[in-house]
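**Student:** Structure provided below as structure tokens; questions to follow.
The values are calculated or read from the model by the stated rules, or taken from the named source; none is laboratory data. Everything quoted here is computed from the prediction, not taken from an experiment. All Cβ positions, even for glycine, are placed from backbone atoms using ideal geometry, and neighbour counts span all protein chains on display.
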Amino acid sequence: MPVPTLSGQRVVVIGGSSGIGYAVAQAALAEGAQVVIGSSKADKVAAAVARLGNSASGAAVNVREEASLKAFFDGIGAFDHLAFTAGDWDRAQAGPVAELDFAAAAASAEVRFWGALKAVKHGLAHISPTGSVTLTDGVRTHRPGKGMPLASAFGAAIEHLAKGLAVDLAPLRVNAVCPGLVLTEVWKDVPADRVAKMSARLPLPRAGDPADVAQAYIYLMKGGYTTGQVLVVDGGMMLV
Ligand SMILES: NC(=O)c1ccc[n+]([C@@H]2O[C@H](COP(=O)([O-])OP(=O)(O)OC[C@H]3O[C@@H](n4cnc5c(N)ncnc54)[C@H](OP(=O)(O)O)[C@@H]3O)[C@@H](O)[C@H]2O)c1
């Protein structure tokens, strides 16, 4: 069997205009793939495409809206791999359960969970049956935090969505990446000494770089015998 490669394959990264998704787009380009990125703000997409260069392209897509996803995928046409890294950062999931606002809590799953499933639904018309989908959750799924039970619950929902889809949509492969603390734009206002303190106890005592995590998505695209799995990239946080 030849060594797997992404050369000539088409990779779509929803959430590719910043952070982990941008790093996935960079890594896929380095593997020789043609890359299409999408996210909700057209100006962010255009700026990211300009930075990516090479054969990257992109379009605005709002994963909250099925019509937007349908138009996005219809505009792309046939492709091989979907990486879904879109996430918004409202804080409706955090806080005491006694004060939970259920409408806000439900809405907080709109992008990461329902958006991921809507993307899969509308991507199916164009994705190669021997391609792959990679979803994204986070280490809070397995390391719950005070005031954050919903982050654990919704993360678990994403991991198990990947497992369910892996059976339901086979031979399309479906997996998830579970990142730990990763220094994306989201962390830019957090003081470096606080980040250092948070990561000091890890077996790999530093915050992750988006490029570290991107390699997990690349493996899951290329690893043709891997499906229904969760690849944790957390510097060993799960162990300590
Ligand atoms: N960074 C970490 O430490 C960390 C740790 C664990 C898990 N994660 C998970 O990894 C994922 C990516 O995180 P990140 O740090 O890379 O975040 P990020 O830099 O904020 O990237 C999020 C991406 O999602 C897009 N997006 C947001 N709302 C969208 C919508 N409605 N439709 C389409 N795209 C949308 C954003 O672009 P627009 O603004 O243009 O929409 C952006 O491209 C998230 O699910 C996050 O929970 C991150």
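**Student:** Out of (1) in contact with a Phe, Trp or Tyr (Cβ under 9 Å, 6 or more places away or on another chain); (2) within 16 Å of the ligand (Cβ to nearest atom), what's the single condition that is false for PHE79?
**Tutor:** (2)
**Student:** Can SER132 be described as buried (at least 16 other Cβ atoms within 10 Å of the Cβ), more than 10 Å from the ligand (Cβ to nearest atom) and under 15 Å from ALA162 (Cα atoms)?
**Tutor:** For SER132, the condition - buried (at least 16 other Cβ atoms within 10 Å of the Cβ), more than 10 Å from the ligand (Cβ to nearest atom) and under 15 Å from ALA162 (Cα atoms) - is met.
**Student:** Just the residues that are within 11 Å of the ligand (Cβ to nearest atom) and under 16 Å from the mean Cα position of the chain (by Cα), please, taken from region 82-107.
**Tutor:** Across region 82-107, the qualifying residues are ALA83, PHE84, THR85, ALA86, GLY87, ASP88, TRP89.
**Student:** Please verify whether VAL13 is away from the ligand (no atom under 12 Å from the Cβ), among the β-branched types (Val, Ile, Thr) and either in contact with a helix residue (DSSP H, G or I) (Cβ under 6 Å, 6 or more places away or on another chain) or not in a helix (DSSP H, G or I) (or both), treating the condition exactly as stated.
**Tutor:** no
**Student:** Test GLY15 against the stated conditions and say whether it is buried (at least 23 other Cβ atoms within 10 Å of the Cβ) and either of a type in the set (Gly, Ala, Ser) or modelled with pLDDT of 95 or more (or both).
**Tutor:** Considered against the rule, which asks whether it is buried (at least 23 other Cβ atoms within 10 Å of the Cβ) and either of a type in the set (Gly, Ala, Ser) or modelled with pLDDT of 95 or more (or both), GLY15 comes out as yes.
**Student:** Just a yes or no: is a residue in region 15-29 within 22 Å of ALA157 (Cβ to Cβ) and without any contact (Cβ under 8 Å) to a residue 24 or more places away in the chain?
**Tutor:** Scanning region 15-29 turns up no residue that is within 22 Å of ALA157 (Cβ to Cβ) and without any contact (Cβ under 8 Å) to a residue 24 or more places away in the chain.
**Student:** Can you name the residue in region 193-203 that is of a type outside the set (D, E, K, R), over 26 Å from PHE84 (Cα atoms) and in contact (Cβ under 8 Å) with a residue 24 or more places away in the chain and is also nearest to the ligand (Cβ to nearest atom) among such residues?
**Tutor:** Filtering first and then ranking leaves LEU202.
**Student:** Is region 139-162 home to any residue that is touching a residue at least 40 places away in the same chain (Cβ under 8 Å), within 24 Å of GLN215 (Cα to Cα) and assigned to a loop (DSSP other than H, G, I, E, B)?
**Tutor:** Yes, some residue in region 139-162 is touching a residue at least 40 places away in the same chain (Cβ under 8 Å), within 24 Å of GLN215 (Cα to Cα) and assigned to a loop (DSSP other than H, G, I, E, B).
**Student:** Separate question: Working only within region 113-159, note down all residues that are over 19 Å from GLU65 (Cβ atoms) and of a type in the set (Phe, Trp, Tyr).
**Tutor:** PHE154
**Student:** Pick from ALA50, ALA42, ALA46: which is away from the ligand (no atom under 14 Å from the Cβ), more than 18 Å from the chain's Cα centre (by Cα) and surrounded by fewer than 20 Cβ atoms within 10 Å (Cβ to Cβ)?
**Tutor:** Answer to the selection: ALA50.
**Student:** Report, by residue number, each residue of region 216-234 that is surrounded by fewer than 21 Cβ atoms within 10 Å (Cβ to Cβ) and out of contact with any helix residue (DSSP H, G or I) (no Cβ under 8 Å at 6 or more places or on another chain).
**Tutor:** Once the filter is applied, which keeps residues that are surrounded by fewer than 21 Cβ atoms within 10 Å (Cβ to Cβ) and out of contact with any helix residue (DSSP H, G or I) (no Cβ under 8 Å at 6 or more places or on another chain), region 216-234 yields TYR219, LYS222, GLY223, GLY224, TYR225.
**Student:** Taking the residues in region 141-174 that are touching a strand residue (DSSP E or B) at 6+ places or on another chain (Cβ under 8 Å) and near the ligand (Cβ under 10 Å from one of its atoms) as candidates, determine which candidate is nearest to TRP114 (Cα to Cα).
**Tutor:** Applying the filter and picking the extreme gives ILE158.
**Student:** Being surrounded by fewer than 20 Cβ atoms within 10 Å (Cβ to Cβ), within 14 Å of the ligand (Cβ to nearest atom) and not charged (D, E, K, R) narrows it down to one residue among VAL177, VAL213, VAL190; which is it?
**Tutor:** It is VAL190.
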